[in-house]
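Asks: What follows is a structure written as structure tokens; I'll ask about it next.
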Amino acid sequence: MNKPNASPQPPRLAVWLLKRLFPDEKGLYTQLGDIDEAFNAMAKEKSHFVAKAWYWMTALRSIPCSIWRSLAWSSVMMKNYLKIAVRNLQKYKTGSLINIVGLSIGLAFCILIYLFIKDELSFDRFHEKADSIYTIVTNDHFYEYSHRHGPVPIAPVLKDHFPEIENFVRLVSQRNVPVKYKDNIFNETITIADPQFLEVFSFPLKKGNLAKALISDSSIILTQNAANKYFGDENPVEKVLLLTFVDKQKSFIVNGIAENIPSNSSINFSFLINMDNLNSITSSNSEIDWRTSRSQSYLLLNEYTEAEHIENRILAIVKPYMSAVYEIRKRYGSLVEKGETITYSLQNLKDIHLNSSNIYGLPRSDIRKSYILAGIALLILCIAVINFINMSIGRASVRAREIGVRKMLGAGRKQLIRQFWIESICTSLISIVLGLFIAILMLPVFNSLSVKNLTIHSLYHFQSIAVFLLLMVSVGVLAGSFPALVMANFQITDILWGKFKLRRKNLFTKMLIILQFSMSVFLLVASMVMTRQIRFMKNYNLGFDKDGILIVDLQERDTVKSQELLKLFKENIQTHTAIMSVSGCMSSPNRTDLYGMIKHEGKNIYVWENRVTFDYLKTMKMNLIEGRDFAIEFTSDSSAVIVNQKLVDELGLDQPIGKTFTIGPNPPVTIVGVVKNFNYSSLEEEVGAAALNMDPKSGLFYAVVRISGENMTDTISYLGKKWKEIQPLRPFTYSFLDDDIQLFYGDENRWNAIVGYSSFFTVLIACMGVFGLTLITVNNRVKEIGIRKILGASVSNILKLVTSEFVLLVMTANIIAWPLAWFVINRWLQNFSYRVSFGLWPLLVPGIITAIVSLLTSGGYSIKAATANPVDSLRYE
Amino acid sequence: MKLLSRTEELLLNCILRLEEDAYTFMIREKLKEITGKTWAFGAIFISLDRLESKGYVKSYLGDETPERGGRRKRFYSVSKEGLKALAEIRKIDQSMWEDLPVSIFDQD
């Protein structure tokens with residue numbers, strides 16, 4: 001210290017702290033003076049250090065008490081804010097209702113989408129060992145796609161070579177296996193698995209011993225649902241089920257009941273049997289068959305192993321076994337000059353659901369779905385928030401006086417902002433409660449649209465509640481911020497002198513309305529185009545008549561037997577008058593597809609092959625352009641094909657009839673007829689080359705029956721009766737061809753419904769906003785309207801005055817939204833090879849709809865003001 | 001009328017004793033003298049505030065002094081109501097102890 005007699009100074013930080021704790025608006029700090037005096041006395045008496053320490057103590061000790069006091073004060077203010085908030089909600093009932101309904105619809109959408117995304121992200125994470133379970137992915141470089149099925153022996157071979165692999169599980173699914181218990185017989189999908197399945201995956205058993213349940217080759221595990229279906233209330237354990245594989249029957253003893261598979265599981269099963277049964281299903285010895293990709297394989301790695309470490313070495317081990325497969329492919333004339341046309345990679349179990357864009361074999365999803373849905377939900381919420389902001393600003397001039405008085409009484413900016421936030425959070429609190437109710441009510445609809453099985457239970461979760469609270473507060477703060485900032489900046493003198501005017505807010509409000517309607521128009525356009533495209537695909541002429549055709553699954557995979565069964569079935573039903581025509585085929589749209597490859601002048605032509613029988617063209621009503629149909633008279637028809645125009649073009653044939661070509665390694669075939677192009681797959685894809693043959697070495701798996709449109713149910717039950725007579729062990733399984741084809745467009749139909757609903761709600765909420773604003777505008781301009789009327793304005797003049805502004809804004813919104821909508825929707829349309837032209841209608845119709853609806857909503861209330869007696873509005877007390 | 005608390009009683013007593021010199025620092029010194037204990041400033045501030053809001057004391061601002069970091073003193077004086085309350089509590093104190101012999105505190 002420079003001056004010897006200078007008094008010691010108290011620590012600065014502590015002084016600052018004390019100043020905060022004992023606020024003194026006049027800046028006198030008399031209390032601080034007392035503490036300083038004591039400090040000086042102590043410094044003189046004892047030492048500077050002790051005094052300093054004491055000073056700090058005093059400062060720190062005051063903290064709890066002063067916090068308590070400030071809380072007590074803010075709670076007093078809070079009570080006042082809440083009171084004003086509730087009063088305002090009650091005073092402007094219509095406005096509050098519009099805000100709350102809009103926000104609650106927006107929040108309901110957000111809640112549903114949150115549940116959706118949460119479900120998507122939770123897929124397969126319930127397995128305790130999920131981090132270490134990997135699936136073997138087969139990458140086919142020849143056909144350029146990947147799938148999850150591989151040779152049955154691959155997993156055990158890999159386990160023998162890699163000590164890092166702790167365990168493996170193979171799964172083979174067998175569809176259409178008749179399962180019989182007493183009189184109940186249904187076709188089921190049976191999952192054949194290694195007995196360690198239950199230990200590697202976490203599918204808990206309700207009844208039965210986890211380790212022993214699948215040990216024996218005659219034991220079967222059912223899920224609870226499957227058990228209920230067969231046994232009802234009986235105890236299923238130790239009961240005997242009769243399964244039919246190919247033509248052998250085998251008894252299985254129920255040895256365990258599994259909990260129902262959670263909806264967020266990629267792996268699904270209802271009936272589980274031991275792997276030893278595989279050979280009784282397949283004729284060959286699967287355990288050494290490397291040529292057929294039959295099983296899904298899962299590897300359980302130990303915790304210390306990186307998947308890449310094993311992945312990189314798989315090929316070297318598998319190669320000797322696969323050489324035969326590679327050889328066959330080389331004979332096909334592989335495009336891949338050298339090297340392996342099939343490789344294997346590993347994928348973690350948790351990545352299956354969202355990360356499998358090019359990997360087939362299990363139901364999968366796309367993260368983009370979540371993004372689009374989240375975008376739509378936020379859009380709706382945004383429109384509702386804009387309503388709130390616009391109406392708060394619209395009401396600002398009414399509330400300006402309140403703000404002025406508050407400011408005059410000493411309310412700071414922060415306090416005013418806090419007040420508005422509390423008001424908006426109140427609104428969003430009510431909205432989220434209502435939104436939860438709406439979400440719960442809409443859950444069934446949403447489940448069917450999103451193909452999910454979401455339940456209300458997922459709402460009662462700590463994380464969910466936290467998210468909802470966050471959503472509520474952020475919506476409240478967002479909606480309250482702008483009005484709060486605008487009003488907190490009012491000049492007191494302006495307000496109280498009555499000079500108050502808001503010019504800039506008007507522009508801002510207009511921009512927000514334009515934004516709202518642009519979003520609504522965008523969704524409307526999207527919904528219109530989607531509907532048109534779907535209708536277009538429904539009515540598109542596929543090259544055959546899809547209506548009135550029944551596809552009956554013969555459930556017989558043996559070549560000769562299936563042919564005999566079809567013949568028998570045909571003979572039995574043909575005579576019925578309602579049955580126009582019967583034929584058979586090996587594949588049908590949305591059923592098993594078979595593709596072959598033709599090598600032609602150095603290029604490869606992929607061709608859809610279908611083994612059919614007589615009358616196929618007649619039954620399907622396909623149009624023959626050239627040549628003839630198959631006929632019994634021609635014994636050479638076993639090596640004949642009927643091709644479509646596309647294949648003729650691809651082969652570059654001028655005179656196709658009588659020409660021959662070779663599909664894959666098969667013997668050459670002769671073209672006897674050409675049909676018009678027909679679409680056997682989704683219209684997203686362009687029509688492909690197709691060849692129909694009568695190869696006796698292929699089975700006929702489906703009967704194709706054309707029935708007349710009258711008394712369809714009678715005809716179907718007749719068919720069922722006949723089926724029972726010839727195939728008592730198998731259930732009658734059929735579908736309509738047009739339903740099968742509609743399945744191609746399941747996703748499109750669902751998206752269309754989702755966009756349709758959303759566009760409806762956006763327009764609804766946006767129009768509610770327009771209504772609310774009209775209400776405020778008209779109320780603010782009651783006197784003006786009265787004077788105009790006195791001066792001779794007609795009702796229509798007044799109407800024009802109020803509504804023209806909104807209609808103009810809506811038109812502007814349309815003009816802004818159109819190019820954007822056109823751009824985005826056109827990109828979506830590009831997915832389809834066959835699509836509607838965009839045209840002008842999908843743009844004009846939403847424009848007209850929004851214009852009319854906004855005209856009606858704003859006009860409805862203004863007509864009341866326009867027809868009112870001006871005396872009422874102008875009378876001064 | 002509600003009775004004074006012991007702290008309030010002590011504070012009023014000190015203010016009366018200090019007469020013209022009753023500001024917080026001196027009050028604290030006096031309290032130490034009487035009770036033999038060091039009092040926290042916070043406790044004194046709050047009690048004085050409370051007394052003032054009840055109308056038992058009046059306060060006025062004094063001069064700045066260098067040992068206070070240039071800050072002014074706030075002096076306190078007991079109001080009429082304060083005196084009344086103090087008189088009442090004194091009466092109660094007296095009547096409370098009157099009949100009890102001092103010997104009760106002698107243990108054994």
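The values are calculated or read from the model by the stated rules, or taken from the named source; none is laboratory data. Computed from a predicted model, the values in this text were never measured in an experiment. FYI the Cβ positions are ideal-geometry reconstructions off the backbone, even for glycines, and counts take in every protein chain you see.
Asks: Does A:Gly786 meet the test of being in a loop (DSSP other than H, G, I, E, B) and either hydrophobic (A, V, I, L, M, F, W, C) or modelled with pLDDT of 85 or more (or both)?
Replies: Spelling it out, it is not the case that A:Gly786 is in a loop (DSSP other than H, G, I, E, B) and either hydrophobic (A, V, I, L, M, F, W, C) or modelled with pLDDT of 85 or more (or both).
Asks: In addition: Look at A:Leu700 and say whether it is part of a helix (DSSP H, G or I) and touching a helix residue (DSSP H, G or I) at 6+ places or on another chain (Cβ under 7 Å).
Replies: No; evaluated as a whole, the condition is false for this residue.
Asks: Of the residues in region A:363-388, how many are within 26 Å of A:Ile267 (Cα to Cα) and touching a residue at least 12 places away in the same chain (Cβ under 8 Å)?
Replies: 8
Asks: Going residue by residue through region A:510-531, is there one that turns out to be part of a helix (DSSP H, G or I), modelled with pLDDT under 90, charged (D, E, K, R) and closer than 30 Å to A:Cys382 by Cα?
Replies: Yes, some residue in region A:510-531 is part of a helix (DSSP H, G or I), modelled with pLDDT under 90, charged (D, E, K, R) and closer than 30 Å to A:Cys382 by Cα.
Asks: Here is a list of conditions, (1) more than 24 Å from A:Ile342 (Cβ to Cβ); (2) part of a loop (DSSP other than H, G, I, E, B); (3) modelled with pLDDT under 90, and A:Ser202 meets all of them except one; can you say which number that is?
Replies: Among (1) more than 24 Å from A:Ile342 (Cβ to Cβ); (2) part of a loop (DSSP other than H, G, I, E, B); (3) modelled with pLDDT under 90, A:Ser202 violates only (3).
Asks: Just to check your reading of the model, which residue among B:Leu48, B:Leu31, B:Leu18, B:Leu61 is in contact (Cβ under 8 Å) with a residue 12 or more places away in the chain, within 14 Å of chain A (Cβ to nearest Cβ) and under 24 Å from A:Ala53 (Cβ atoms)? Don't jump to the end; show me each part of the working.
Replies: Details: B:Leu48 fails: under 24 Å from A:Ala53 (Cβ atoms); B:Leu18 fails: under 24 Å from A:Ala53 (Cβ atoms); B:Leu61 fails: under 24 Å from A:Ala53 (Cβ atoms).
None of the other options fit; the residue is B:Leu31.
Asks: Inside region A:169-198, can you point out the residues that are within 32 Å of the chain's Cα centre (by Cα) and over 30 Å from A:Tyr734 (Cα atoms)?
Replies: Result: A:Val169, A:Arg170, A:Phe197, A:Leu198.
Asks: Can I ask one more? Here are the criteria: (1) assigned to a helix (DSSP H, G or I); (2) without any contact (Cβ under 8 Å) to a residue 60 or more places away in the chain; (3) closer than 30 Å to A:Asn99 by Cβ. Tell me which single one A:Leu416 does not satisfy.
Replies: In the conditions (1) assigned to a helix (DSSP H, G or I); (2) without any contact (Cβ under 8 Å) to a residue 60 or more places away in the chain; (3) closer than 30 Å to A:Asn99 by Cβ, A:Leu416 misses (2) alone.
Asks: Hey, among the residues in region A:636-661 that are surrounded by fewer than 18 Cβ atoms within 10 Å (Cβ to Cβ) and of a type in the set (Gly, Ala, Ser), which one's farthest from A:Tyr616 (Cα to Cα)?
Replies: Once the filter is applied, the top-ranked residue is A:Gly652.
Yes or no, residue by residue, for (1) free of Cβ contacts under 8 Å to residues at least 60 places away in the same chain; (2) exposed (fewer than 14 other Cβ atoms within 10 Å of the Cβ); (3) assigned by TED's automatic domain parsing to the domain that holds A:Leu775:
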residue: A:Asn831; (1), (2), (3): no, yes, yes
residue: A:Pro842; (1), (2), (3): no, no, yes
residue: A:Ile848; (1), (2), (3): yes, yes, yes
residue: A:Val853; (1), (2), (3): no, no, yes
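Yes or no, residue by residue, for (1) touching a His at 6+ places or on another chain (Cβ under 9 Å); (2) among the hydrophobic types (A, V, I, L, M, F, W, C); (3) in a loop (DSSP other than H, G, I, E, B); (4) farther than 27 Å from A:Glu164 by Cβ:
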residue: A:Asn228; (1), (2), (3), (4): no, no, no, yes
residue: A:Leu242; (1), (2), (3), (4): no, yes, no, yes
residue: A:Asp276; (1), (2), (3), (4): no, no, no, no
residue: A:Arg313; (1), (2), (3), (4): yes, no, no, no
residue: A:Val325; (1), (2), (3), (4): no, yes, no, no
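Asks: A further question follows. Among the numbered criteria (1) closer than 28 Å to A:Ile573 by Cα; (2) within 39 Å of the chain's Cα centre (by Cα); (3) at pLDDT 90 or above, which one does A:Ser708 miss?
Replies: With (1) closer than 28 Å to A:Ile573 by Cα; (2) within 39 Å of the chain's Cα centre (by Cα); (3) at pLDDT 90 or above applied to A:Ser708, the lone miss is (3).
Asks: Sort through A:Val763, A:Val782, A:Val705, A:Val770 and tell me the only one that's surrounded by fewer than 21 Cβ atoms within 10 Å (Cβ to Cβ) and either touching a Cys at 6+ places or on another chain (Cβ under 6 Å) or touching a residue at least 24 places away in the same chain (Cβ under 8 Å) (or both). So that I can check it myself, show each step before the final result.
Replies: Details: A:Val763 fails: surrounded by fewer than 21 Cβ atoms within 10 Å (Cβ to Cβ); A:Val705 fails: surrounded by fewer than 21 Cβ atoms within 10 Å (Cβ to Cβ); A:Val770 fails: surrounded by fewer than 21 Cβ atoms within 10 Å (Cβ to Cβ).
Testing whether each residue is surrounded by fewer than 21 Cβ atoms within 10 Å (Cβ to Cβ) and either touching a Cys at 6+ places or on another chain (Cβ under 6 Å) or touching a residue at least 24 places away in the same chain (Cβ under 8 Å) (or both) leaves just A:Val782.
Asks: Do we have any residue at all in region A:653-667 that's part of a strand (DSSP E or B) and at pLDDT 85 or above?
Replies: Yes: region A:653-667 contains one or more residues that are part of a strand (DSSP E or B) and at pLDDT 85 or above.
Asks: Residue under question is A:Asp289, and the condition is that it be under 30 Å from A:Leu214 (Cβ atoms) and at pLDDT below 85; does it hold?
Replies: Yes: the conditions hold for A:Asp289.
Asks: Let me ask another. Please enumerate the residues belonging to region B:70-89 that are of a type in the set (Ser, Thr, Tyr) and within 14 Å of chain A (Cβ to nearest Cβ).
Replies: Start the filter on region B:70-89 by keeping residues that are of a type in the set (Ser, Thr, Tyr), which leaves B:76-77, B:79.
Answer for region B:70-89, where residues must be of a type in the set (Ser, Thr, Tyr) and within 14 Å of chain A (Cβ to nearest Cβ): just B:Tyr76.
Asks: For region A:576-624, please list each of the strands (runs of 3 or more DSSP E) lying entirely inside it that holds at least 1 residues being buried (at least 21 other Cβ atoms within 10 Å of the Cβ) and touching a residue at least 60 places away in the same chain (Cβ under 8 Å).
Replies: Here the list reads A:579-585, A:603-611.
Asks: Can you tell which of A:Phe744, A:Phe736 is hydrophobic (A, V, I, L, M, F, W, C) and modelled with pLDDT of 90 or more?
Replies: The conditions single out A:Phe736.
Asks: Could you list, in sequence order, all residues of region A:814-830 that are of a type outside the set (Phe, Trp, Tyr) and either outside any helix (DSSP H, G or I) or over 24 Å from A:Met511 (Cβ atoms) (or both)?
Replies: The answer is A:Ile825, A:Asn826, A:Arg827, A:Leu829, A:Gln830.
Asks: Another question, then. Among the residues of region A:124-131, is there at least one that is surrounded by 14 or more Cβ atoms within 10 Å (Cβ to Cβ) and on the phi > 0 side of the Ramachandran plot?
Replies: So far as region A:124-131 goes, yes, one or more of its residues are surrounded by 14 or more Cβ atoms within 10 Å (Cβ to Cβ) and on the phi > 0 side of the Ramachandran plot.
Asks: Let me ask you something else. If we keep just the residues of region A:335-351 that are crowded, with 16+ Cβ neighbours inside 10 Å and either among the aliphatic types (A, V, I, L, M) or over 30 Å from A:Ser365 (Cβ atoms) (or both), which is modelled with the lowest pLDDT?
Replies: A:Glu340
Asks: Here's something else I'd like to know. Of the residues that sit in region A:541-568 and are among the β-branched types (Val, Ile, Thr) and touching a helix residue (DSSP H, G or I) at 6+ places or on another chain (Cβ under 9 Å), which one is surrounded by the fewest Cβ atoms within 10 Å (Cβ to Cβ)?
Replies: Restricting to residues being among the β-branched types (Val, Ile, Thr) and touching a helix residue (DSSP H, G or I) at 6+ places or on another chain (Cβ under 9 Å), the top hit is A:Ile551.
Asks: Residue by residue through region A:535-582, note down the ones that are of a type outside the set (D, E, K, R) and at pLDDT below 85.
Replies: Of everything in region A:535-582, those that are of a type outside the set (D, E, K, R) and at pLDDT below 85 turn out to be A:Gln555, A:Thr559.
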